[in-house]
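Values in this text are rule-based calculations from the coordinates and carry no lab data. None of the values given here were measured: they were computed from a predicted structure. A quick note on method: Cβ atoms are made from the backbone with ideal geometry, for glycine too, and the neighbour counts reach across all protein chains shown.
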Amino acid sequence: APFVIADGSISDFLNTNPENLEDEGSNAYFTFIGANPDQADHFAMLGDNTIGVEDLFGGGDNDFNDVIFKVDFTVP
């Protein structure tokens with residue numbers, strides 16, 4: 001499943017907060033709400049293949065513009 005590590009790298013997360021707890025270091029947020037430590041949505045579809053990410057615990061300001069990426073698929 002897609003995920004984002006807030007305020008760190010995968011190594012930082014695994015070394016400082018492998019249980020994914022609040023205020024224990026970097027947090028991992030997933031597209032599956034039930035896997036998030038705060039039970040909040042951190043990914044939103046903003047348009048065609050455009051995904052916005054909220055990177056703060058508890059959903060932050062819920063504007064989903066902390067990271068925005070668009071995926072384009074090309075068929076050869």
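Apply the a/c threshold of 1.5 to the C-alpha gyration tensor of the chain and tell me whether it is rounded, prolate or oblate.
Prolate.
Long-range amide H contacts for residue 67: which residues qualify at under 5 Å (H placed 1.01 Å from N, peptide plane, sequence gap of 5 or more or a different chain)?
Result for residue 67 returns 53.
Below 8 Å, C-alpha to C-alpha, sequence gap of six or more: please give me the relative contact order for region 3-70 in percent.
Working: 116 pairs, mean separation 15.3, N = 68.
Once divided by the residue count of region 3-70, the mean separation gives 22 percent.
Given a Förster radius of 35 Å and the C-beta distance between residue 15 and residue 71 as r, what FRET efficiency does 1/(1 + (r/R0)^6) yield to the nearest 0.05? Could the numbers behind the result be given before it?
Values: r = 30 Å, r/R0 = 0.85.
The formula returns an efficiency of 0.70 here.
Using +1 on the beta carbon of Lys and Arg, -1 on that of Asp and Glu, and nothing else charged, what's the dipole of the chain about the Cα centre, debye to 20? If you can, show how the numbers build up before the last one.
On the way: 1 positive and 15 negative charges, 77 e Å.
Magnitude of the dipole: close to 380 debye.
What is the set of long-range amide H partners of residue 43 at a cut-off below 5 Å, with H atoms built 1.01 Å from backbone N?
Distant-sequence amide H within range of residue 43: 54.
Can you list the residues, at least 5 places off or on another chain, whose amide H is less than 5 Å from the amide H of residue 36, using H built in the peptide plane?
Placed amide hydrogens put 30 under 5 Å from residue 36.
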